[in-house]
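See structure below.
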Amino acid sequence: MKPKEKELVIGRRSALKMLGLSSAAMLAGGFSDITAAEAATEMKPKKMKPLVTSGNSSVAFTTGTDRKHMLFEVIKPFDKEIRAGLKGKRLVIKPNMVVTNVPLCAAHVESLEALLEYLKPIYKGQILIGESSSSFNSSDGFANYGYLDLENKYNCKFVDFNGAKGKPFYILDRNLHMDEIQLINELADPDNYVISLSRLKTHNTVIMTGGVKNLAMGAPAFLPAVNGGRPASFKRNMHSGGPRWLHYNISLVTQAVRPDFTIIDGVEGMEGDGPISGTPVDHRIALAGEDAVAVDSMCCKLMDIPLEDIGYLNYLAATGYGNIDYNKIDIIGSENPDNHIKKYKLASNADYQLEWKDPLALPSQFGSTPRRPAQ
């Protein structure tokens with residue numbers, strides 16, 4: 001059920017250990033940029049959620065067509081852990097909703113309802129359901145996708161995270177300099193219990209997207225325009241260096257906003273030019289677990305996407321934030337995931353996306369551009 005996997009090797013031999021930064025920084029901009037790269041990796045909130053992995057990770061898996069029943073099936077094995085995690089915490093659900101008018105890009109309303117139905121007897125407080133879509137007014141999506149009807153049945157509140165300021169955090173820009181962004185408070189607060197709810201989708205920059213990216217790219221704030229200027233989308237900052245740095249920045253942000261529990265609705269996935277313009281895949285699966293990296297690794301397997309193509313998952317595993325080794329992922333359920341693999345068509349620019357694995361196109365060692373004279 002868990003075939004042996006070859007050890008992943010990405011780029012240079014030390015790429016995973018160093019996260020592909022130190023040598024690149026040395027070549028690209030001199031030793032000052034090495035300091036910036038190292039500082040970015042060390043810049044973490046004062047209160048951090050603990051590392052997921054100290055051994056094997058468990059992922060619940062099932063198949064079928066009844067979305068609500070399937071989600072109950074993959075959540076229930078973690079009942080004890082969820083109850084314990086909720087003690088003293090505020091519950092926040094982050095559904096995936098890239099834009100507000102494409103149902104296939106968003107978490108299905110039935111999957112959200114199934115989660116709320118499960119939580120109803122074990123959590124008595126008001127549940128915050130929030131999103132920061134790339135369309136500035138996320139509230140339109142709550143209405144368009146039928147989410148708001150759930151407020152009449154459950155003690156929940158829908159909140160548009162766009163426009164809200166957040167906690168400062170540092171990522172890397174295209175020049176390997178530190179770039180200060182803001183992470184939405186509700187998603188970055190370690191006193192909140194955050195559930196990531198998404199679906200299987202291919203992606204136009206990092207090959208695939210699941211539970212990890214749902215939170216990591218939902219967390220950067222999107223602030224309104226001031227004095228006639230442009231809105232400040234820190235999601236754009238995450239993308240500024242293309243696929244190479246988006247993988248790394250996702251891994252950085254995930255260390256601050258890692259979901260406490262991850263659910264993937266794969267009854268209907270998306271292939272092709274996702275995460276917005278793809279086409280549906282009738283996959284009929286669902287999976288869930290506490291280790292978001294392990295869950296997303298199983299998504300790769302089920303989509304027949306080579307795990308070594310997803311940089312952010314490899315970076316997170318290398319730094320101890322989850323398992324990608326299938327031999328260390330215990331499957332809960334009667335179905336074997338190996339029997340439910342579907343080949344997802346990748347985005348039309350997949351070759352460009354995979355350039356992150358290649359050496360940087362740099363001049364000769366230490367660069368050919370003269371350095372500034374010492375001050």
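No lab work stands behind these numbers, since they all come straight from the coordinates. Remember, it's a predicted structure, so these values are computed and weren't measured experimentally. Please note: Cβ atoms are built from the backbone with ideal geometry, for glycine as well, and neighbour counts cover all protein chains shown.
So the values come out like this:
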item: Contour excess over end-to-end distance, with Cα ends at His177 and Ala232 and 0.36 nm allotted per residue; result: 17.9 nm
item: Unit charges on C-beta of K, R, D, E only; dipole of the stretch 166-260, Debye; result: 460 debye
item: Rh (Kirkwood; distinct C-alpha pairs) - the stretch 159-212, Å; result: 13.7 Å
item: At R0 = 30 Å, FRET efficiency that the Cβ-Cβ distance of Arg90 and Asp149 yields, to 0.05; result: 0.85
item: Approximate spin-label separation Lys76-Asp330, in nm, with each point projected 7 Å along Cα-to-Cβ; result: 1.9 nm
item: Hydrodynamic radius (Kirkwood) for the stretch 114-242, which is based on Cα pairs only, to one decimal in Å; result: 16.2 Å
item: Debye intensity ratio I(q)/I(0), log10, the stretch 71-182, q values 0.12, 0.13, 0.17, 0.20 Å⁻¹ (C-alpha model); result: -0.53, -0.61, -0.91, -1.10
item: Two-decimal ratio, the stretch 224-311, of alpha-carbon radius of gyration to 2.2 N^0.38 Å; result: 1.32
item: Burial order of peptide ranges 193-206, 174-187 (average beta-carbon count within 10 Å, highest first); result: 193-206, 174-187
item: The stretch 290-340: translational diffusion in µm²/s, Stokes-Einstein, Kirkwood Rh over Cα pairs, 25 °C, 0.890 mPa s; result: 218 µm²/s
